[in-house]
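Comments concern the structure below.
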Amino acid sequence: VPPHVWRINVDTPEEAQQNLSFGAADRWWEQTDLTKLILASNKLQSLSEDVQLLPALTVLDVHDNQLTSLPSALGQLENLQKLDVSHNKLQSLPEELLQLPRLRSLLLQHNELSHLPEGLGQLLSLEELDVSNNHLTDIPTSFALLVNLVRLNLACNQLKDLPADLSAMKSLRQLDCTKNYLETVPSKLATMASLEQLYLRKNKLRSLPEFPSCKLLKELHAGENQIEILDAENLKHLNSLSVLELRDNKIKSVPEEITLLQKLERLDLANNDISRLPYTLGNLPQLKFLALEGNPLRTIRRDLLEKGTQELLKYLRSKIQDDGPGPSEEPPVTAMTLPSQARVNMHAITSLKLLEYSEKQAAEIPEEMFDAVGTNPVATVNFSKNQLREVPPRIVELKDSVCDVNLGFNKISSISLELCRLHKLTHLDLRNNVLTSLPKEMEALTRLQIINLAFNRFKVFPSVLYHLPALETILLSNNQVGSINPVQLKGMDRLGTLDLQNNDLLHVPPELGNCENLRTLLLEGNPFRTPRAAILAKGTAAVLEYLRSRIPT
């Protein structure tokens, strides 16, 4: 920084040395002290201690330089209200910074800070604090003293937990904790009465916190976590919520209580494990956007999902009348119940058309399960979360009725010919097994709409899938697939969702852009160079358009 910048308040201007007559505009002795200094986007490696010669500064902006430290003289700028030192290389902050009584905005994002000074809570006037994109592993407990803070950004750090004391920030309206390592959120946080926007995306949360006091909370973003259960308790107090974003989790069901969120305008549940929705969702009066793609929904056809939110809500409303309360309690075990059937849920077989033997860690399915079916038509089979090494051969007995089979989370290494004879099959879940290929005989599954092969050991895209005309969704993430055939994919008229995340694709063929039926194409986590992440982030339509632009003419 040229030295005369620091001395601008102190030195008399050069023209005063020459004895000239001054017009009104040049009366330098009436000049007021400098209040704003903007040195952004230069190549400064340090700031002079002479900054103390500018005591009237209210704004100092040095963002986007190469500063590794700040001068301790900053502590003397007692009128400073805004300090922007973002996008530098700062590894620590001078203690003197904590003496600035009027500081309202402190921007520290995109530096190399691994800790914050313990006394940061002394900056009592602070209203905005941004420490995102640093290397922070914890937050000083003195943060609790920042009772005037309105916006706090902690995104993109390495925080494993949040101090419960944050709940003392009574003015906080926006809290951003995106992309950390949070596994839980302290329950006291739920008492933050002013909180309006809470961002918890890209963490390791397994459940949502309860929010009894957050009556003003308008936006809750918790996508890309590991949330499995959406509890009524988590929702029922959020009277003001207008945005609820829970995409890319492992949520299995949506509670009826979601209809208490009368102000909800956007609900994003894409890419979860939701198989059915409460039809009362159709009654939410303000809902304008509902995302459900990438879920194994049984009751809603894919073409309906593509028609947009309003059609979907209309459909859900139309089903409310049809959906009377069905019997849900199991019949008591009486003397009439055969002992062999005690572990067979006959009610499920007869009323729900469901044959279930899951989460038993069993190496095989007991014969009595199949014996119990008798002539009852079974539509759904769930043998997931066991130790099965092969598809149970007797499954073929259900071929005239079964349309949904879940064999996920087992140790199955190959698909038997019996499975290929289930000609009414529409949904097949084989995720988390040890499959490396699929047999050609699967071509017989002409009605198959959704297949989930995630977390297996496929090194090549199973070619039989190209020959299943009804396929709408192929979930093949977390395998080792190295290539895909865009020409054959284009022939799959109904394919709307193709998930190839976390595979070994070194190259995305531009011709894939011709698959214009694809509504959801997921390619993140592969080693290819193009398209770049910025394009992937824009969504499927943008990726396909980009790929088409690369097709050699």
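Between the beta carbons of Y181 and S549, assuming R0 = 35 Å, the FRET efficiency works out to 0.40 to the nearest 0.05.
Of all segments of the chain bounded by chymotrypsin sites (Phe, Trp or Tyr not before Pro) found in a DSSP loop with no more than 15 other C-beta atoms within 10 Å, the longest spans 182-527. Note on the chain: helix-only mean residue ellipticity at 222 nm, from DSSP H runs of 4+ residues weighted -39500 (n - 2.57) and normalised by residue number, equals -2500 deg cm²/dmol.
For the pair H4 and L352, label points projected 7 Å from Cα toward Cβ lie 8.3 nm apart.
Applying 1/(1 + (r/R0)^6) with R0 = 60 Å to the Cβ-Cβ distance of L44 and L216 gives a FRET efficiency near 0.90. Per-residue 3J(HN,Hα) values for the stretch 184-190, derived from phi via the Karplus relation 6.51 cos²θ - 1.76 cosθ + 1.60 with θ = phi - 60°, read 9, 10, x, 5, 5, 4, 5 Hz in sequence order (x marks Gly and Pro). Rounded to whole numbers, the Karplus 3J(HN,Hα) couplings from phi for the stretch 111-127 are 10, 10, 6, 9, 7, 10, x, 4, x, 4, x, 6, 7, 5, 7, 4, 10 Hz, using 6.51 cos²θ - 1.76 cosθ + 1.60 with θ = phi - 60°, and x at Gly and Pro. The simple spin-label model puts a point 7 Å past each Cα toward its Cβ; for K160 and A193 those points are separated by 3.5 nm. Solvent exposure of the stretch 186-318 amounts to 42 Å² per residue of accessible area, where only protein heavy atoms count and the probe is 1.4 Å.
Distance from the C-alpha centroid of the stretch 238-264 to that of the stretch 350-393: 33 Å, rounded to the whole angstrom. When the C-alpha to C-alpha distance is required to be over 19 Å, the pairs from K43/K82; K250/K538; K160/K202; K43/K89; K252/K459 that qualify are K43/K82; K250/K538; K252/K459. Our coupling estimate for the stretch 305-315, obtained by passing each phi through the Karplus curve with A = 6.51, B = -1.76, C = 1.60 and θ = phi - 60°, is 4, 6, 7, x, 4, 5, 5, 5, 5, 4, 4 Hz, Gly and Pro reported as x. Site pair R447 and K204 shows an inter-label distance of 4.4 nm when each label is modelled 7 Å from Cα along Cα→Cβ. Of the solvent-accessible surface of the chain, computed with a 1.4 Å probe and all protein chains present, 48% belongs to carbon and sulfur. Reducing the stretch 428-489 and the stretch 127-156 to their Cα centroids gives an inter-centroid distance of 46 Å.
Between helix 540-549 and the chain there is an angle of about 80 degrees, using the helix long axis and the longest principal axis of the Cα atoms.
Taking Lys and Arg as +1 and Asp and Glu as -1, the other residues whose beta-carbon sits under 12 Å from that of M169 total +2. Taking only alpha carbon atoms, the stretch 469-531 gives an Rg to Rh ratio of 0.93, where Rh is the Kirkwood radius. Electrostatic tally near N157: other residues with Cβ closer than 11 Å to its Cβ, Lys and Arg +1, Asp and Glu -1, net 0.
Listed by chain and number, the lysines placed with their C-alpha closer than 17 angstrom to that of K218 are K170, K236, K263, K288; residues fewer than eight positions away on the same chain are left out.
Let me know the charge dipole size of the chain about its Cα centre in debye, to the nearest 20, where only the beta-carbon of Lys, Arg (+1) and Asp, Glu (-1) is charged.
The calculation lands at about 1500 debye.
Hey, with R₀ at 41 Å, roughly what FRET efficiency would T58 and E524 work out to, going by the Cβ-Cβ distance, to 0.05? Efficiency computed from Cβ-Cβ geometry: 0.40. Cross-link partners among aspartates and glutamates for K204, C-alpha distance below 14 Å, same-chain residues fewer than 8 apart left out? The reachable aspartates and glutamates, counting only those whose Cα sits under 14 Å from K204, are D161, E183, E224, E228, D248. Other residues within the sphere of radius under 12 Å centred on the Cβ of E293, judged by their own Cβ, net out at -2 (K and R +1, D and E -1). In straight-distance terms, cross-link reach from K399 covers every one of the lysines whose alpha-carbon lies under 22 Å from its own, apart from those fewer than eight places away in the same chain; here that gives K353, K424, K440.
The values are calculated or read from the model by the stated rules, or taken from the named source; none is laboratory data. All of these numbers come straight from a predicted model, not from anything done at the bench. In this analysis, Cβ positions are derived from the backbone assuming ideal geometry, glycine residues included, and neighbour counts consider all displayed protein chains. Accessible surface areas use protein heavy atoms only, side chains included; no ligands, DNA or RNA. Shrake-Rupley method; radii C 1.70, N 1.55, O 1.52, S 1.80 Å.
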